[in-house]
Amino acid sequence: MALPVLNIYSRRGCHLCEILIEELLPITDGRAELNILDIDTRLSWKTKYADKIPVVEHNGKILCQYKLNMAAINKILFN
């Protein structure tokens, strides 16, 4: 069975992004694939997310914004 894919929209130098990723990595290790996407590399991401990062998304649905939402992550990892 394929692992769930979580997209993390962030940018370099974003302190909240660094914290969220640091918290998420050990939880998802071996349970999900993480795609860390720098919003500054694509105009559409930069326009959409601007100062609303970090964002964790799964299948087009936002699971977390600004800080880790463990309940939402656990639903994806363990259901």
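List of remarks:
- Screening the candidates A72, A50, A32 for the property of being among the small types (G, A, S) and out of contact with any strand residue (DSSP E or B) (no Cβ under 6 Å at 6 or more places or on another chain) yields one hit, A50.
- Filtered by the rule that a residue be within 12 Å of S10 (Cβ to Cβ), open to solvent by less than 80 Å² (accessible area, probe 1.4 Å) and part of a strand (DSSP E or B), the range 29-68 gives L34, N35, L37, D38, V55, V56, E57, C64, Q65.
- One residue from I53, I62, I39 being among the hydrophobic types (A, V, I, L, M, F, W, C), closer than 27 Å to F78 by Cα and in contact with a Phe, Trp or Tyr (Cβ under 6 Å, 6 or more places away or on another chain): I53
- Qualifying residue in the range 1-12 (condition: outside any loop (DSSP other than H, G, I, E, B) and surrounded by fewer than 17 Cβ atoms within 10 Å (Cβ to Cβ)): yes
- Breaking point among (1) open to solvent by 40 Å² or more (accessible area, probe 1.4 Å); (2) out of contact with any helix residue (DSSP H, G or I) (no Cβ under 8 Å at 6 or more places or on another chain), for I21: (1)
The values are calculated or read from the model by the stated rules, or taken from the named source; none is laboratory data. Source: prediction; values computed, not measured. FYI the Cβ positions are ideal-geometry reconstructions off the backbone, even for glycines, and counts take in every protein chain you see. Please note that ligands, DNA and RNA were not included when accessible areas were found on the heavy atoms of the full protein model with its side chains. Shrake-Rupley method; radii C 1.70, N 1.55, O 1.52, S 1.80 Å.
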